[in-house]
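Each reported figure results from applying straightforward, stated rules to the coordinates on display, with no laboratory input. Note that the structure is a prediction, hence the values are computed from the model and not measured. FYI the Cβ positions are ideal-geometry reconstructions off the backbone, even for glycines, and counts take in every protein chain you see.
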Amino acid sequence: GINAEYGEIRDRHCRGMASTAALSSDEVLAELQDMKTKVYLPSSFTEVAVRFAELLNTNLTEDTRDAFFAVLEAGSKNIGKEEFAYMSTKKVFVTCYHAKAKFHAEQQTQIREWGLAAAQLPYT
């Protein structure tokens, strides 16, 4: 299920995240802006997914949530496309699914749909 999957993803990626804790909102926003352009590219998607999950776990605030959502929205077009690694897709959207309470109500509905769609993807 989605909870077991999240635990597995979280355990694998909670190591080595201390470096992200000291960023300012402006730095986070700049990184997310950059990710928004890279999330379309299969070649950089895996790297974006790792970084997105780290930032989400440490820097999701009222100031940054709309920028996080913008990256999700851009990336949502790739859910289920084979050239975008399924495990990376899961990392982005399942991680976000579990943080959805921090987003606006209308964003939560979308995040829930994307999270459930990503959770259906095979483990490859």
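Summary of computed values
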quantity: For the range 50-93, alpha-carbon Rg and Dmax in angstrom; calculated: 10.9, 33
quantity: Global form of the range 25-124, assessed from the alpha-carbon gyration tensor, a/c cut-off 1.5; calculated: oblate
quantity: Summed residue charge, Cβ within 12 Å of VAL48's Cβ, Lys/Arg positive, Asp/Glu negative; calculated: 0
quantity: Hits among lysines - C-alpha to C-alpha of LYS100 under 23 Å, sequence gap 8 or more where chains match; calculated: LYS36, LYS38, LYS77, LYS90, LYS91
quantity: Approximate spin-label separation THR46-GLN108, in nm, with each point projected 7 Å along Cα-to-Cβ; calculated: 3.5
